[in-house]
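The values are calculated or read from the model by the stated rules, or taken from the named source; none is laboratory data. Remember, it's a predicted structure, so these values are computed and weren't measured experimentally. Positions of Cβ are backbone-derived with ideal geometry, glycine not excepted, and every protein chain shown enters the neighbour counts. Ligands, DNA and RNA are excluded from the accessible area calculation, which covers all protein heavy atoms including side chains. Shrake-Rupley method; radii C 1.70, N 1.55, O 1.52, S 1.80 Å.
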Amino acid sequence: MLVSAEEMLKKAKAGHYAVGQFNINNLEWTKAVLLTAQELNSPVILGVSEGAGKYMTGFKTVAAMVKAMDESLGITVPVALHLDHGTYEGCYKCIKAGFTSIMFDGSSYSIEENVEKTKELVKVAEAMGLSIEAEVGSIGGEEDGVIGAGECADPNECKMIADLGVTMLAAGIGNIHGKYPDNWAGLSFDTLAAIQEKTGEMPLVLHGGSGIPDEQIKKAIDLGVSKVNVNTECQLVFADATRKYIEAGKDLEGKGFDPRKLLAPGFEAIKEEVKVKMELFGSVGKA
Ligand code: 13P
């Protein structure tokens, strides 16, 4: 069932668990995430970066695929189709395409400009019944061309953006997209606690969920994180399973080259990874 992310995140905040956002890249990814959410009776958010949207030939294609798949698989758990790190223009494209949720990443603008643009998009999202995520501070590393220095968010700026009526707020707390370097200092829980203190009921979002040790994820959820984004880990397990299949020469046996066979181990690996994350985030059985 395609819905805005508002209700599932309010419930998560009140229930002290987090909903996973899993980024999708193609049909296999989408099917794996939807089926796992249904099997575990968990709410879920499908994240689509602008790069992945372009890869799948546009947001219109993505929305049509997700809607049709949600229906044909008989998915009854709440599913939000969400733009990840959207530009101002990207947000409008996704609204037009039929997404149920958007993220406006204004973190590269001055706080004044971030406030101004976020405010406008909140109005539009509200009128359309969509949920909206905003960002303060930046997520380190690179994701699909979005590069961030990784500075921690200013809690007062977080409050300014939260007060605009966004549904969820992404705040930089030392988190990084992609693989974490060996010398990573860990999440800044002091920053997170200060942001939580200022923003109260606002569901907070932890980007860069791949590779953060489980105890840090759990502590972040305890301190007010209600949504955790995962992308890289699903890519890594998919690539690993596919490599093993080919290295074992299975594509050369019988009809092992059939894409439905070739992509099956990667598909199963994503399902398993999503299951592990949903269990860790505490969203199992919360649909
Ligand atoms: P990872 O790729 O590090 O899991 O980050 C995902 C993310 O934050 C999407 O916005």
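Using only the Cα atoms of the range 57-122, what do you get for the radius of gyration and for Dmax, in Å?
Final numbers for Rg and Dmax: 14.0, 44 Å.
Write down, largest first, the equivalent ellipsoid semi-axes of the range 1-122 in whole Å, where each equals the square root of 5 times an eigenvalue of the alpha-carbon gyration tensor.
Numbers: eigenvalues 120, 68, 25 Å².
So the three semi-axes of the range 1-122 are 24, 18, 11 Å.
Roughly what % of DSSP beta bridges within the range 89-168 run antiparallel, to the nearest 5? Don't skip to the end; give the middle numbers.
Numbers: 3 of 8 bridges.
Of those bridges, close to 40 percent are antiparallel.
Averaged per residue, what accessible area in Å² does the range 16-75 show with a 1.4 Å probe, protein chains only? Present the calculation step by step, with values, prior to reporting the outcome.
Numbers: 2280 Å² over 60 residues.
Value for the range 16-75: 38 Å² per residue.
How do Asp70, Asp251 rank by accessible surface area computed with a 1.4 Å probe, from largest to smallest?
Working: Asp70 15, Asp251 40 Å².
Ranked from most to least accessible, the order is Asp251, Asp70.
With only alpha-carbon pairs counted, each pair once and no self-pairs, how large is the Kirkwood hydrodynamic radius of the range 191-254 in angstroms?
Numbers: mean 1/r = 0.0702 Å⁻¹.
Evaluated on the range 191-254, it is 14.2 Å.
Within 10 Å of each candidate Cβ there may be at most 13 other Cβ atoms; applying that plus a DSSP loop requirement, which chymotrypsin sites (Phe, Trp or Tyr not before Pro) in the range 211-287 survive? Write down the numbers at each step before the final one.
Working: sites: Phe238, Tyr245, Phe257, Phe267, Phe281; in loops: Phe257.
Loop-located and lightly packed - Phe257.
At 20 °C and 1.002 mPa s, what whole-number value in µm²/s does Stokes-Einstein give for the translational diffusion of the range 176-287, with Rh from the Kirkwood sum over Cα pairs?
Details: Rh = 16.2 Å.
For these conditions, the coefficient is 133 µm²/s.
Above 24 angstrom, tally the Cα pairs of the chain and express them as a % of all pairs, no decimals.
Working: 19282 of 41041 pairs.
In whole percent, the share of Cα-Cα pairs in the chain beyond 24 Å is 47.
Find the centroid of the Cα atoms in the range 263-287 and in the range 116-132, then give the distance between the two in whole Å.
31 Å
What is the dipole size for the range 99-174, taken about its Cα centre, with +1 at each Lys and Arg Cβ and -1 at each Asp and Glu Cβ, in debye to the nearest 20? Kindly include the intermediate steps, with their values, before the conclusion.
Values: 4 positive and 15 negative charges, 56 e Å.
Computed charge dipole of the range 99-174: roughly 280 debye.
Below 8 Å between Cα atoms, with a sequence gap of 6+, how large is the relative contact order for the range 214-287 in percent?
On the way: 41 pairs, mean separation 28.9, N = 74.
The value is 39 percent.
Choose one of Asn114, Gly165, Leu83: the residue whose Cα lies farthest towards the positive end of the charge dipole of the range 53-175 (beta-carbon charges +1 Lys, Arg; -1 Asp, Glu; about the Cα centre).
It is Leu83, whose Cα lies furthest towards the positive end.
Within the chain, what percent of beta bridges assigned by DSSP are antiparallel, to the nearest 5?
Working: 3 of 33 bridges.
Around 10 percent antiparallel, to the nearest 5.
Any idea of the accessible area per residue across the range 223-284, 1.4 Å probe, to the nearest Å²? Could you put the intermediate results ahead of the total?
Values: 3100 Å² over 62 residues.
With all protein chains present, the range 223-284 gives 50 Å² per residue.
In the range 237-280, with Lys and Arg counted as +1 and Asp and Glu as -1 at Cβ, which of these residues, Gly254, Gly266, Thr242, has the Cα nearest the positive end of the dipole, that is, farthest along it?
Most positive-ward Cα: Gly254.
May I ask you to list the trypsin sites (Lys or Arg not before Pro) in the range 143-199 that are in a DSSP loop and have at most 16 other Cβ atoms within 10 Å of their Cβ?
Here the sparse-neighbourhood loop sites are Lys179.
Of the heavy-atom accessible surface of the chain (probe 1.4 angstrom), what whole percent is carbon and sulfur? It would help to have the intermediate numbers written out before the result.
Working: 6770 of 12550 Å².
Answer for the chain: carbon and sulfur cover 54 percent of the accessible area.
Name the residue from Asn175, Gly224, Ala68 whose Cα lies farthest towards the positive end of the charge dipole of the chain, charges +1 on Cβ of Lys and Arg and -1 on Cβ of Asp and Glu.
Ala68
Antiparallel as a % of all DSSP beta bridges within the range 105-236, to the nearest 5? Please list the in-between numbers first.
Working: 3 of 13 bridges.
Antiparallel bridges make up about 25 percent of those DSSP assigns within the range 105-236.
Could you provide, to the nearest whole Å², the per residue accessible area of the range 125-197 with probe 1.4 Å?
Numbers: 3180 Å² over 73 residues.
Heavy-atom accessible area per residue stands at 44 Å².
How much accessible area does Met128 have with a 1.4 Å probe, in Å² rounded to the nearest 10?
110 Å²
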